[in-house]
Amino acid sequence: LAELELAGMAFSSCGSRLYALSRATSKKLTVFSMKTGQLLPGCEIQLPLRFDKVCVYPGHKDHLAVVRSSTMRIISISKSFETYISKLQPSSIPGDIDLAVSAYSWTPAGHFLVATRQGMLCTLDGATGALLYICQAEQPITSITLTPDYLITSHIGNTLNFWELQPQALAKVTAEDVASFAAGMALAPQMALSTGMFQLKKVADLESVGESQPLGHRLLGQVASIQATSSGTDAVLTTAEGEVWTMKLPGKQEVREEEDEFAQDDMYVRADQLQMSLLCWFHTHTVTALCPIGSGLQVCASADEGGRLRLWQVVRGEDAKGFKLLRFTSAVTSLAVEARGKF
């Protein structure tokens, strides 16, 4: 890992691999074994461009994506006797599309989602990188996260949408249709189309939190990042103004209606039902990365463009005493935590 600049790092969900993305002296992705600390043979992949982020499929460590602001590529790894074969899949998104990436995520079925600042959402095959589906969000997506029950998207205007995924709907879309959407020859279907891959189940308007909160505790900035805990019951979100909030997420568990704050037949979730709480204005610069550490929402790590890295306990609220703080001379662009929270 002796590079002048690492653009991004990520662990596999099992914690057995570390993926390091370089962009200073060389443009490459290297994969290391966490058991031996050594580079996996055949897993030093030369890249055609400088990429900023690496995103590993949680369901299989041999499938991953590398992302930059204007494009992304799928990488597949396969075992071959005493070495590995790494393949950078060709880009399936036409080059004339204005692909300004705003958010991305893997789905449980192994598809890779890429959202653009123009409001387009592309679904790619996580193994081959083939473009499978294109739809148009009502407002551009700023962040995507997954829970056991929903795919959650945050949008310009601070709306949270909770979706159920229907990957079987992809079978109804032909390659010709996708090519027409990509080329702009036909209008892409709306994301909330009832017969599409994404089924809208709940909506939360976060702007309404200001109606019930004092001025010092209102959501002021545009939501930049939302990340759910592994249990899917809570989330941490940050804004472009540096705010850090916690919130409770609705689920589909079968409980008695009088005990459930989220009625199952009520699509619109009030902000007060989300129990949003402002943790602190930790960062004077825009937050660039946020990672819950461990299985529960107790400890988080956050970094910003000013080079600050903070490790903090959620239960301490706004009291910053005892928080771990590291300062770097340049912006911290990426954080990665393995599943057990030890690294």
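A few remarks follow.
- Residue pairs whose Cβ atoms lie under 9 Å apart, separated by 6 or more positions or on different chains, with the first residue in region 39-51 and closer than 13 Å to Lys87 by Cα and the second of a type in the set (Gly, Ala, Ser) and modelled with pLDDT under 90, are Gly42/Ser80; Gln46/Ser26; Leu47/Ser22; Leu47/Ser26.
- Residues within region 106-149 that are assigned to a loop (DSSP other than H, G, I, E, B) and more than 14 Å from the chain's Cα centre (by Cα), tallied: 16
- Unique match (being in contact with a strand residue (DSSP E or B) (Cβ under 9 Å, 6 or more places away or on another chain), under 29 Å from Leu18 (Cα atoms) and of a type outside the set (Phe, Trp, Tyr)) among Gly126, Gly119: Gly126
- Residue check for Ser69: under 24 Å from Thr288 (Cβ atoms) and within 20 Å of the chain's Cα centre (by Cα): yes
- Residue within region 80-92 that is in contact with a Phe, Trp or Tyr (Cβ under 9 Å, 6 or more places away or on another chain) and not small (Gly, Ala, Ser) present: no
- In region 150-190, the residues that are within 16 Å of the chain's Cα centre (by Cα) and of a type in the set (Ser, Thr, Tyr): Tyr150, Thr153, Ser154
- Among the residues of region 112-132, those that are out of contact with any Asp or Glu (no Cβ under 7 Å at 6 or more places or on another chain), open to solvent by 10 Å² or more (accessible area, probe 1.4 Å) and of a type outside the set (Gly, Ala, Ser) comprise Arg117, Met120, Asp125, Thr128, Leu131.
- Thr195 being at pLDDT below 85 and open to solvent by 10 Å² or more (accessible area, probe 1.4 Å): yes
The values are calculated or read from the model by the stated rules, or taken from the named source; none is laboratory data. Because the structure is a prediction, the values reported are computed rather than measured. Note that each Cβ is placed from the backbone with ideal geometry, even for glycine, and that neighbours are counted across all protein chains shown. Just the protein is used for accessible areas: all its heavy atoms, side chains included, with ligands, DNA and RNA removed. Shrake-Rupley method; radii C 1.70, N 1.55, O 1.52, S 1.80 Å.
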